[in-house]
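Engineer: My structure is below; once you've seen it, I'll send some questions.
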Amino acid sequence: MRATKNLLVYALVFSLACLGIMQPAQAALIGAGQVAALAGGQENRAHIAAVLERPGVQAKLQELGIAPEDAKARVAALTDDEAAALANKIDSLPAGGDGILGTLVFIFLVLLVTDILGLTKVFPFTRSVRR
């Protein structure tokens, strides 16, 4: 009788110890918005990484004393909101030569119009409205 009682006590202690190890599982549905947000965050990080792979960008980073590996590690550490903001900022900034080219075209058009109006004589291929 005593052996059976000891065996029952040991079995009870063992089963209570096993109850403490197991954790209850929780399951919940993942919404489409959460999936889209996760996919968008990875997409933004991939876009930023693609920009960092450009030779001009890598040269500028090295000129500033930033190793490309450090920049990639910092991009990987961005939150989804920060990655989205940086990707949008990259997309909205003009390329390096766009400002100069636009300025040159504007100056050319201003000189062309003033030549046609007869205020200047810069281009030999224009005829003035005033004679």
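Engineer: Between residue 105 and residue 80, what's the calculated FRET efficiency when r is the beta-carbon distance and R0 is 41 Å? Round to 0.05. Could the numbers behind the result be given before it?
Structural biologist: Values: r = 39 Å, r/R0 = 0.96.
With a Förster radius of 41 Å, E is 0.55.
Engineer: Points 7 angstrom from Cα along the Cβ direction at residue 53 and residue 72: gap in nanometres?
Structural biologist: Between residue 53 and residue 72, the label points sit 1.0 nm apart.
Engineer: Okay, next question. Between residue 12 and residue 88, 0.36 nm times their residue separation minus their Cα-Cα distance comes to what?
Structural biologist: Values: separation 76, 0.36 × 76 = 27.36 nm, distance 6.12 nm.
Computed gain between residue 12 and residue 88 is 21.2 nm.
Engineer: Roughly speaking, what is the stretch gain from residue 121 to residue 29, that is 0.36 nm per residue apart minus the C-alpha to C-alpha distance, in nm to one decimal?
Structural biologist: On the way: separation 92, 0.36 × 92 = 33.12 nm, distance 7.39 nm.
Roughly 25.7 nm would be gained on extension.
Engineer: Further, regarding this structure: Mean projection of the alpha-carbon convex hull of the stretch 32-93 over all orientations, in nm²?
Structural biologist: 4.3 nm²
Read-outs: derived from the displayed coordinates by stated rules, not from any lab. If you're wondering where the values come from, they're calculated on a predicted model, not measured in any experiment. Note that we place each Cβ from the backbone using ideal geometry, even for glycine, and neighbour counts take in every protein chain shown.
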